[in-house]
Amino acid sequence: MAKLGEFEYPEIGLDESIGLGRKIAREYAGEISRQGLARTLGMSERGGAFSARLGALRMWGVAAGRSRIRVTRDGLRAVTPLSAKEAEDAKETLANNVALFNSLAQRLGSEPYTPEQLAVVLEELTGADRAEVTRRFALLDRLFGEVRGFLQTDSLFAEQPQVNKSVSEAAVAGQEPVRRTESSTKPTIAEGTDVQPGQAVDLVDRIELKLPDGTISLPETLANLDAALTILWARRQLVAALQAAEGKPAPEPPRNFAPAKSPE
C-alpha cells in the first residue's frame, strides 16, 4: 500500500481486489499461502505488483493474513453474494475501510467536483506538497471515483430510492428473474400466459425458497429446479467458508451430489 502524508491508501481498486478475493475463494477454498498466491498470479513474491495487490486486499478488508492469505467475512459476502443487494452492502462495508476516501467524501460531499477541488482537498487533508499530490493524483482520483457512491457524506440527508433486484442475479444468469414474495404454497398462473376473459388456464406449482434476505419464487420447471440448487449450493459454500474462518468444521456434502453450474 502507498502513503500520502499520514494517510495510507491502496494502489489497486476495490473491484479488482474483490475479483482476486473471488479467485482465492473459488479456487483455493478461501485461503492460500503468500507464495502460492504469487505463483498463481504469475508474479514475484517480492515484486512491487504483487505487494500492491496484497496490500490492497488487506486495506480494503477483502482478505487478511501475512504468510497465509485468508478471505475475510466481509470479503466472502462481496465475492459470493446471493443477491444484488448483498453485493452492494458488502462493497459499501469494504469501501468504508479506507480512511482517506472517507475523509474526501466528507469534504467534497455528493456533488460533482473539479480536479482542482480534489487536488486542494488532498493537500489540506494529507499535508503533502503540491508536487506529491500531482504525482499521485490520477490514481487517487480513479480509486476514489470507484467507491465514492458507497461512502457517507454530510450532504446525503434524503433517503435514496431503492432499486429492487433479483436475488438470483449473481448466481443464475439467463434464468427467469427471481421475485421476493409473501410465503405461499398456492399454484399460480405461469408468467407470460395470455389469458382471455373466461378462458381456462393451467396453474403451475412454484418453487419457494426462504433465504435470510428474502423469499425466492420460481415456476417449477427443470431449469428453475437447477437454478434453485445452484443458489442453495452457493449459500452452502458461503456458510462453509464462514464456519471455516471461525475454526468450525463443516460437514461434507452428500455423496454423488453435483449441483448445476451457473454460467459465468
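Considering only protein heavy atoms and a probe of 1.4 Å, how much of the accessible area of segment 22-160 is carbon and sulfur, as a whole percent? Can you show the working numbers first?
Values: 3470 of 7190 Å².
Percent of accessible area from carbon and sulfur atoms in segment 22-160: 48.
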Note down the nm distance, to one decimal, between modelled labels 7 Å out along Cα→Cβ at ARG34 and at LEU229.
4.3
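The values are calculated or read from the model by the stated rules, or taken from the named source; none is laboratory data. Quick caveat, the model's predicted, so the values are computed rather than measured. Quick reminder, even Gly has a Cβ in these numbers, built from the backbone with ideal geometry, and neighbours come from all protein chains shown. Ligands, DNA and RNA are stripped out before the accessible areas are found, and what is left, the full protein with its side chains, is counted by its heavy atoms. Shrake-Rupley method; radii C 1.70, N 1.55, O 1.52, S 1.80 Å.
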